[in-house]
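J.: Structure in structure tokens, see below.
Just so it is clear, none of the values below were taken in a lab; they were calculated from the coordinates. Note that the structure is predicted; figures quoted are calculated from it, not measured. Methodologically, a virtual Cβ is constructed for each residue, glycine included, from the backbone with ideal geometry; neighbour enumeration extends over all protein chains shown.
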Amino acid sequence: MKVSEATFKTCVFTLKVKTGLAPSFHDITDSVAEFVKQSELRNAFALVFSKHTTAAITIQENEPLLLMDMASTLERFAPSKAHYRHNDFAVRTVHMHEDECPNGQSHCQHLVLGTSETVPVIDGRLALGEFQRIFMVELDPDKSDRKVLVQIMGM
């Protein structure tokens, strides 16, 4: 049996996602698959990472009624009309910006989601299940431009 040498390689891509309403689910699977193709890696891992504390990454089914159910579940978990100390700008002094927006519910909704997902790449393709799709989930109604890093590592 002949063993060939393989070289470990890492590729990093940045995906810009235009959002709008929140919560909203943005299917980024095709973009991630294109990055995998560009990487030319056959057996690897694709790490999909949100650079934001109010935008999450999750793997779910892209079925419109389910997406509506998930949005209403997030609203029940952390209602937009609830009181959040993070939104009290008369008291809050940490991490304040001139254009600060009241987004305590967005941070709390992020608790039940996550910042990243890792997907195996086998034979140059994302090894997702039949109905699995990768989503960037916008949780902040005052944001519209997001950045997602996709790091592909393997051989």
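J.: Among rounded, prolate and oblate, which fits the range 10-154 when a ≥ b ≥ c are the square roots of the eigenvalues of its C-alpha gyration tensor, a/c under 1.5 means rounded, and a/b larger than b/c means prolate?
T.: prolate
J.: Please list, by residue number, everything in the range 120-155 whose backbone N is under 18 Å from a paramagnetic label point 7 Å out along Cα→Cβ of K37.
T.: Output list for this probe position: 121-128, 133-134, 150-152.
J.: Using Cα pairs under 8 angstrom and six or more residues apart, how large is the relative contact order of the range 10-154, in percent?
T.: 56
J.: Taking the Cα centre of the chain as the origin, how large is its charge dipole in debye, to the nearest 20, when only Lys and Arg (+1) and Asp and Glu (-1) carry charge on their Cβ atoms?
T.: Here the size comes out at about 380 debye.
J.: Something else about it: Using a 10 Å cut-off on Cβ atoms, rank the peptides 19-27, 68-76 from the highest mean neighbour count down.
T.: 19-27, 68-76
J.: Sorting I59, I122 on the 10 Å Cβ count, fewest up front, what's the list?
T.: Fewest to most other Cβ atoms nearby, the residues stand as I122, I59.
J.: Same structure again: Tell me the mean residue ellipticity at 222 nm calculated for the chain from its helices only (DSSP H runs of n ≥ 4, each -39500 (n - 2.57), averaged over every residue, nearest 500).
T.: -6000 deg cm²/dmol, from helical runs alone.
J.: What ranking do K143, K37 get, fewest neighbouring Cβ atoms within 10 angstrom at the top?
T.: K37, K143
J.: Which of rounded, prolate or oblate describes the range 54-98 when judged by the alpha-carbon gyration tensor and an a/c cut-off of 1.5?
T.: Because a/c hits 1.5 or more and a/b exceeds b/c, the range 54-98 counts as prolate.
J.: When a footprinting reagent is the concern and you count Cβ atoms within 10 Å, what order do R125, R85 take, fewest first?
T.: The most exposed by this proxy come first: R85, R125.
J.: Top mean-square fluctuation among V94, V12, V36, Gaussian network model of the chain, C-alpha springs under 10 Å?
T.: Comparing V94, V12, V36 in a Gaussian network model of the chain, the most mobile one is V94.
J.: Mind checking which of P102, M153, T58 is farthest towards the positive end of the range 10-154's charge dipole, using Cβ charges of +1 (Lys, Arg) and -1 (Asp, Glu) about the Cα centre?
T.: So the residue furthest toward the plus end is M153.
J.: Can you tell me which of A44, A55, A82 moves the most in a GNM of the chain? Springs connect C-alpha atoms under 10 Å apart.
T.: In the Gaussian network model the winner is A82.
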